[in-house]
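A.B. asks: Submitted below is the structure of interest, expressed as structure tokens.
The values are calculated or read from the model by the stated rules, or taken from the named source; none is laboratory data. Computed from a predicted model, the values in this text were never measured in an experiment. In this analysis, Cβ positions are derived from the backbone assuming ideal geometry, glycine residues included, and neighbour counts consider all displayed protein chains. When the accessible area is computed, the model is the full protein with side chains, heavy atoms only, and any ligands, DNA or RNA have been set aside. Shrake-Rupley method; radii C 1.70, N 1.55, O 1.52, S 1.80 Å.
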Amino acid sequence: MSRSALGELGEVFSLVSSQVSGVTLALLLLVCVASAFISAVTGGAGGILMFAALNVVIPLRALVPIHGAVQLLNNLARVAYVREHIRWDQCIPFFIGCTLGSAAMTLGLANLDWQQLPLVLLAALIFYTVFKPKTLPEIRLKPRNFFWVGIATGTLGIVAGAVDPLLAAFFVRKDMTPKEIVANKSVMQAWCHALKVPAFIYLGFAFSEHLGLILLLTIAAVVGTRIGIALLNRINSHVFFNLMRAALLIAGARIVYQLVAPAV
């Protein structure tokens, strides 16, 4: 590695160390690897686990844009591995709806006090994911109706950060293969997170002040994605989903505590 490259790397670590401690950063990197692995294997839940973990040390107003930037790059990496399974007839209507929903919510947030709203929505999504009855019928939307999913996801993504549980509800369907589900959810999530960059710049967030942290978290997430894709067809899904639900339940309980504790 050249001396200039080492210097640039040193600047990155200096920037990160000014935001979080070394031990905390190491734990966050491990969480990013694990959450990206979960998303690569199951197509969901990893993003919401990452959001809940990062929320321990990163203020909420900075967390949504930082999480969005990391998830954008992570989802693009996942798409690169399963791109041949993308169904554009679903994705293009979603892109249009998501863009409209994101733009409308961004303009609304400019004059909205939303300190607790994202946590309430996030907790609701977690508990829906964990406790949704298995007897509910599959939701098999026609491709054009993903426009409305895009509207909801774009609106929610600006305030709640993680949108994978919402999208997951529309991909629990046996007419799509696991790789098709992972590919299409990843493309849709990448689009949703990409829209956050101009949205939060408009709202006054300075991404340049957090580039070091975003870079390191992204590297960890991409590592987890690569491992997860390699194991996509080799894992005991029954055991894994039970573990995932347990992790989501813990994350949801923590968010409820965070909401209730100030009022006690």
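A.B. asks: Can you tell me which residues in the stretch 180-228 are of a type outside the set (D, E, K, R), open to solvent by 60 Å² or more (accessible area, probe 1.4 Å) and assigned to a helix (DSSP H, G or I)?
C.D. replies: Matches in the stretch 180-228: TRP191, PRO198, ILE201, TYR202, SER208, LEU211, LEU215, ILE219, VAL223, ILE227.
A.B. asks: Is it the case that the stretch 163-170 has a residue that's open to solvent by 70 Å² or more (accessible area, probe 1.4 Å), out of contact with any strand residue (DSSP E or B) (no Cβ under 6 Å at 6 or more places or on another chain) and either outside any helix (DSSP H, G or I) or modelled with pLDDT of 80 or more (or both)?
C.D. replies: Within the stretch 163-170, none of the residues are open to solvent by 70 Å² or more (accessible area, probe 1.4 Å), out of contact with any strand residue (DSSP E or B) (no Cβ under 6 Å at 6 or more places or on another chain) and either outside any helix (DSSP H, G or I) or modelled with pLDDT of 80 or more (or both).
A quick yes/no check of all residues on (1) in contact with a Phe, Trp or Tyr (Cβ under 7 Å, 6 or more places away or on another chain); (2) over 24 Å from LEU249 (Cα atoms); (3) modelled with pLDDT under 80; (4) buried (at least 19 other Cβ atoms within 10 Å of the Cβ):
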{"position": "ALA69", "(1), (2), (3), (4)": "yes, yes, no, yes"}
{"position": "LEU72", "(1), (2), (3), (4)": "no, yes, no, yes"}
{"position": "HIS85", "(1), (2), (3), (4)": "no, yes, no, no"}
{"position": "GLN90", "(1), (2), (3), (4)": "yes, yes, no, yes"}
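A.B. asks: Go through the residues of the stretch 132-150 one by one and say whether even a single one is β-branched (Val, Ile, Thr) and modelled with pLDDT under 70.
C.D. replies: yes
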